1. Whether any residue in the stretch 100-123 is free of Cβ contacts under 8 Å to residues at least 40 places away in the same chain and more than 23 Å from R35 (Cα to Cα) is what I want to check.
2. Only one residue in E95, E106 is closer than 21 Å to R130 by Cβ, more than 8 Å from the ligand (Cβ to nearest atom) and assigned to a loop (DSSP other than H, G, I, E, B). Which one?
3. Which residues, counting only those in the stretch 33-68, are more than 12 Å from the ligand (Cβ to nearest atom) and assigned to a helix (DSSP H, G or I)?
4. Only one of these conditions is not met by P44: (1) without any contact (Cβ under 8 Å) to a residue 12 or more places away in the chain; (2) more than 30 Å from G138 (Cβ to Cβ). Which number is it?
Amino acid sequence: MSDRPAPTVLTARAAPPRTPAVEISPSEIGLLVDRFYENIRAHPRLGPLFEQRLAGKWDAHLERMNLFWRSVLLYSGEYSGQPVVKHNALPDLQEDDFRLWLDLFETTTATLFGPPTAGPIVVIARRIARSLWLARFGTPFNKAPDWLT
Ligand code: HEM
C-alpha cells in the first residue's frame, strides 16, 4: 500500500437519451410542416405576410422548419437560429397575427393527428408563440393576451 492519496477519479457518462417531448416521427413532422405552410400560404392575412419575406425561398424555409420542429419535439439538436430577431424584423407583423397563426396551427395538427399528439404540440407552439409575442409587443403595459396562455 502506498501513502499516496487515492487519485480522484472522475467518470463521465453520456447523458441518457431524453424521451421525446411528443410521440411523433420525423416524417410526421415533415407532413405537419408541409400541410401547415400550405394552409399559411392560402390564408388571406398570413399568406401575404409570409410571402413578403419568403418569396422564392420557401424550400429553404420548410427545411429550416423541419429542423426546428425536430429539435423542439424530438430534441434532435439540429436547429440553431435567431427566431426572435427574425420575427422582430417583420415590418407588418401585428399582435393579432399570432392568434391567427395559432388557430391555423391548431386546426392543422387536429386534422393530422389524434389528441394525444396534437394536444402537446399545440401547447408547446403556444409557449413559443407567447415568447415571440412578448419579445415583439410586450411592455409593462401590454401583457400577453389570454389566448397566449
Ligand atoms: C403571426 C405569426 C408568425 C409569422 C407571420 C411568422 C413569419 C415568419 C417568417 C416570414 C419567417 C422567415 C424569416 C426570415 O427568414 O427572415 C419566419 C421564420 C421562423 N418562424 Fe415564424 N412566424 C410566426 C410565428 C411563429 C411561431 C409561433 C413560431 C414557433 C412556434 C415560429 C417559428 C419560426 C422559426 C423557427 C423561424 C426560422 C427562424 C430562423 O431563420 O432561424 N414562427 N417566421
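FYI, it's all coordinate maths here, none of it is from the lab. Predicted, not measured: the structure shown is a model, and the values here were computed from it. All Cβ positions, even for glycine, are placed from backbone atoms using ideal geometry, and neighbour counts span all protein chains on display.
1. So far as the stretch 100-123 goes, no, none of its residues is free of Cβ contacts under 8 Å to residues at least 40 places away in the same chain and more than 23 Å from R35 (Cα to Cα).
2. Sole residue among the options that is closer than 21 Å to R130 by Cβ, more than 8 Å from the ligand (Cβ to nearest atom) and assigned to a loop (DSSP other than H, G, I, E, B): E95.
3. D34, R35, E38, N39, A42, D59
4. Going through the list (1) without any contact (Cβ under 8 Å) to a residue 12 or more places away in the chain; (2) more than 30 Å from G138 (Cβ to Cβ), P44 breaks only (2).
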